[in-house]
Amino acid sequence: MPNRLNNALTFLLEHLPPQMHLVIATRERPVPAAGPPAGARQLTELRLADLRFSPAEAAEFLGQVMGLNLPAEDIAALEARTEGWIAGLQ
């Protein structure tokens, strides 16, 4: 089944009208490892590192948004345990 999905996605990208944008949200990369087909105009990937908060961002979020006054070691422990995901930090 994954091969059928990749074939369908490749076809779609090769025939995508210029005014259309395609957004795919998935836990697995649906396009072949070689990258997008030659007809694809642009591909932007958001990966784990792009979505997680850095330690500094986690500290700023916990302090300014959540209103917590935590010691640096507690912030570091929370950031490490949640892997920087905002849903976990909340």
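Could you please give the count of residues in the range 75-90 that are open to solvent by 70 Å² or more (accessible area, probe 1.4 Å) and either more than 22 Å from residue 49 (Cα to Cα) or of a type outside the set (A, V, I, L, M) (or both)?
Of the residues in the range 75-90, 4 are open to solvent by 70 Å² or more (accessible area, probe 1.4 Å) and either more than 22 Å from residue 49 (Cα to Cα) or of a type outside the set (A, V, I, L, M) (or both).
Taking only pairs six or more apart or across chains, which ones have beta-carbon atoms under 6 Å, a first residue in the range 61-88 that is polar (S, T, N, Q), and a second residue that is exposed (fewer than 14 other Cβ atoms within 10 Å of the Cβ)?
none
Do we have any residue at all in the range 36-44 that's at pLDDT 75 or above and assigned to a loop (DSSP other than H, G, I, E, B)?
Looking through the range 36-44, at least one residue is at pLDDT 75 or above and assigned to a loop (DSSP other than H, G, I, E, B).
The values are calculated or read from the model by the stated rules, or taken from the named source; none is laboratory data. Since this is a predicted model, take the numbers as computed values, not measurements. Quick reminder, even Gly has a Cβ in these numbers, built from the backbone with ideal geometry, and neighbours come from all protein chains shown. Surface accessibility is based on the protein's heavy atoms, side chains included, excluding ligands, DNA and RNA. Shrake-Rupley method; radii C 1.70, N 1.55, O 1.52, S 1.80 Å.
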